[in-house]
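Notes for the one structure printed next.
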Amino acid sequence: MTGAMLVVAAAPGRAPDADTTERTLAGPQREAAVTLLVGRVLKEGHEAGGGRCAVRMFRPGLCSGWQEQRVLATARGVGSVLKEPALYEGDAARAAREQVLPTDAGGPLEIALADSGRLTDVTVQDGHGRHLAGELGPRSERWLNTEPLRAGETYTVQVGAQDAGGTPVGVTMAFRTAPPADGGRLTAEFGPGPGTYGAGEIVTASLSRPVPADDLPARARLEQALQVTSEPHVEGAWHWVDDSTLHYRPRTYWPAHTVVRVRSGLDGVELGDHYGGPSDDVQFTIADRIEAVTDSATHRMTVRRNGRIIRTIPVTTGKAGFRTRSGIKVVLRKEPKVRMRGDTVGIQPGTKEFYDLPVLYATRVTWSGEYIHAAPWSVEAQGEENVSHGCTGMSTEDAAWFFDTVREGDIVEVVNSGGAKMAPFDNGFGDWNMDWRTWLAGSALADVAGDPHGSPLSPSRLHPTT
């Protein structure tokens, strides 16, 4: 995908009919639909210091690279670009050149309604599976990113909405951001942000430029420059997830009330063809150690705080064909109310397994949609049999208590479910399912120095010329 093109496709898990392209080119289909306004800034059109661009708030001269596109979200989950991007340039040659410009990572991404209705969910994910944070406006008419886009990435945007009559509609889009400027420094963005987290929280480092696996010296220098310290001290190590992402975890869960500090010493470090640049430090705190272990065979969840049982909850987990993932997961976020639809996980409407339900007290543990949540419709089965489509269901009272008790980073484990093992990296934080020896093998220091605690390298640094 190049330039200003916003590629619009069918929603995941649902293939459009063979003649969808011909129908969408001919015009909107006669079905429930909502028109979205998607606003971005084109690279080289964004005037530094010129102010903020926003959907329906463009003023000529304020943000000359602003691009606005109209996209149709339908009940089929298929959208089409209804008109070409609106380019606010008088010079036709300039406009033609902007058609092939990528999105400026320094500009905003905003999605708004052009018709009556409401946005229900916006998910933005880059090619490495990292989710872009954002928030809905108070009237659910507009979504805005709350963290910057990353340069040189391809983003997939999934939008869920409802039309004026309350019918669900959706659309999936994709766009690409401009690569970093030539000669740009390599920096690291650390996660999580400042705050208090559970004992299973994973430290992440997202690099502004990839470091290939075959450049072990550069990877080793980078690891040594990313410093994680804690009070009390614990043994821990970095693990390369891919060329531009590292995760750090202790050998065992963080002790309760640990203070964790993450600092970058990358500035000036030689890293292959590039040098490191300055990065922001992060400090966060670990709360009480909360562990929730669900035994699918006994249909019970046992919740412990600092090793002491504080509640045992009757639950139901995934039935045959929809077994709940086994293994250790980490709480990703808490959502007070979620609309859950079977077609988001490949269950077609009209089949006996299809569902469309408003769900309360939803604690998310995977990005693909596994939650621990209130399930008042299955109370009779809870504690007796497994009847869900993969989530862990419990009474509304228990779900409200669990929702109020846990926080991001708390530990959730499922045993005896018969489901697939939770993957380490591609669907949330399954890092704790990897044994320590394998974890250490993912460190470049193990390859270069013989073991991760060997003698340090002496990184080359960029010295000032004055």
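Which net charge results for the neighbourhood of A73, defined as the other residues with beta-carbon distances under 12 angstrom from its beta-carbon, given Lys and Arg at +1 and Asp and Glu at -1?
Numbers: positive: R70, R76, R118; negative: E31, D115, D121, D163.
Net charge around A73: -1.
Please list, in order along region 277-290, the HN-Hα scalar couplings obtained from phi with the Karplus expression 6.51 cos²θ - 1.76 cosθ + 1.60 (θ = phi - 60°), rounded to whole Hz, x for Gly and Pro.
Going residue by residue, I get x, x, 9, 7, 7, 9, 9, 9, 10, 9, 7, 4, 7, 9 Hz, with x marking Gly and Pro.
Assign unit charges at the C-beta atoms only (+1 for Lys and Arg, -1 for Asp and Glu), then state the dipole size of region 267-412 relative to its Cα centre in Debye, rounded to the nearest 20.
On the way: 18 positive and 21 negative charges, 123 e Å.
Roughly 600 debye for region 267-412.
Pop out the ³J(HN,Hα) list for region 151-165 in order, Karplus 6.51 cos²θ - 1.76 cosθ + 1.60 with θ = phi - 60°, rounded to Hz; leave Gly and Pro as x.
Calculated HN-Hα couplings, in order: 6, x, 10, 9, 10, 10, 10, 10, 10, x, 8, 10, 7, 4, x Hz.
What is the packing order of peptides 138-150, 412-424, taking the mean over residues of other C-beta atoms within 10 Å and listing the highest first? Each step should come with its number before you reach the end.
Values: 138-150: 15.8, 412-424: 18.2.
Highest-to-lowest ranking by the protection proxy: 412-424, 138-150.
List the residues, sorted by chain then number, that are 5 or more residues from K329 or on another chain and whose placed amide H is less than 5 Å from its amide H.
Close amide H contacts, sequence-distant or interchain: V412, E413, V414.
Ranked from highest to lowest mean number of other Cβ atoms within 10 Å per residue, what is the order of the peptides 237-248, 65-76? Before the final figure, lay out the partial values.
Numbers: 237-248: 20.0, 65-76: 22.2.
Top of the packing list down: 65-76, 237-248.
Can you bin region 365-407 into rounded, prolate or oblate? Criterion: square roots of the alpha carbon gyration tensor eigenvalues sorted a ≥ b ≥ c, rounded for a/c under 1.5, prolate for a/b above b/c, oblate for the rest. Don't skip to the answer; put the middle values down first.
On the way: a/c = 2.48, a/b = 1.17, b/c = 2.12.
Note, shape of region 365-407 comes out oblate.
With r defined as the distance between the Cβ atoms of S368 and V415 and R0 fixed at 25 Å, what FRET efficiency is calculated, to the nearest 0.05?
On the way: r = 20 Å, r/R0 = 0.81.
After rounding to 0.05, the efficiency reads 0.80.
Rounded, prolate or oblate: which one fits region 161-246, using the alpha carbon gyration tensor with axes a ≥ b ≥ c (rounded when a/c is under 1.5, else prolate when a/b beats b/c, else oblate)?
Details: a/c = 2.99, a/b = 1.46, b/c = 2.04.
In terms of gyration-tensor shape, oblate.
For E291, E408, E380, E201, write out the residues from largest to smallest accessible area, computed with a 1.4 angstrom probe and no ligands counted.
E380, E408, E291, E201
If DNA, RNA and ligands are ignored and the probe is 1.4 Å, what is the ranking of D398, D426 by accessible area, most exposed first? Please list the in-between numbers first.
Details: D398 25, D426 125 Å².
Ranked from most to least accessible, the order is D426, D398.
Just the number, please: carbon plus sulfur as a percent of the accessible area of region 259-335, 1.4 Å probe, no ligands or DNA/RNA counted. Intermediate results must be reported in sequence, preceding the final value.
Values: 1340 of 3230 Å².
Its accessible area is 41 percent carbon and sulfur atoms.
Output ³J(HN,Hα) for region 217-230: one whole-Hz value per residue in order, computed from phi by the Karplus curve 6.51 cos²θ - 1.76 cosθ + 1.60 with θ = phi - 60°, and x for Gly and Pro.
x, 5, 5, 5, 4, 5, 4, 5, 7, 8, 9, 10, 10, 8
Is the shape of region 241-349 rounded, prolate or oblate, going by the alpha carbon gyration tensor and its root eigenvalues a ≥ b ≥ c, with a/c under 1.5 for rounded and a/b larger than b/c for prolate? Numbers along the way, then the final one.
Numbers: a/c = 2.80, a/b = 1.58, b/c = 1.77.
Judged from the Cα gyration tensor, region 241-349 comes out oblate (a/c at least 1.5, b/c at or above a/b).
Given a cut-off of under 8 Å on Cα pairs at least six residues apart, what relative contact order in percent is computed for region 296-348? Present the calculation step by step, with values, prior to reporting the outcome.
On the way: 30 pairs, mean separation 11.3, N = 53.
Computed value for region 296-348: 21 percent relative contact order.
Once amide H atoms are placed 1.01 Å from N in the peptide plane, what residues at a sequence separation of 5 or more from V359, or on another chain, have their amide H within under 5 Å of its amide H?
Correct list: V338, R339, M340.
Hey, what's region 190-318 come to in accessible area per residue, 1.4 Å probe, Å²?
Values: 5020 Å² over 129 residues.
Computed with neighbouring chains in place, this is 39 Å² per residue.
Could you tell me the distance between the Cα centroids of region 146-177 and region 237-315, to the nearest Å?
If you average the Cα positions of each part, the centres end up 28 Å apart.
Where in region 326-370 does the amide nitrogen come within less than 18 Å of the point 7 Å from the Cα of T438, taken along Cα to Cβ?
326-330
The values are calculated or read from the model by the stated rules, or taken from the named source; none is laboratory data. This is a predicted model, so every value here is computed, not measured. FYI the Cβ positions are ideal-geometry reconstructions off the backbone, even for glycines, and counts take in every protein chain you see. What goes into the accessible areas is simple: the full protein's heavy atoms, side chains included, and nothing from ligands, DNA or RNA. Shrake-Rupley method; radii C 1.70, N 1.55, O 1.52, S 1.80 Å.
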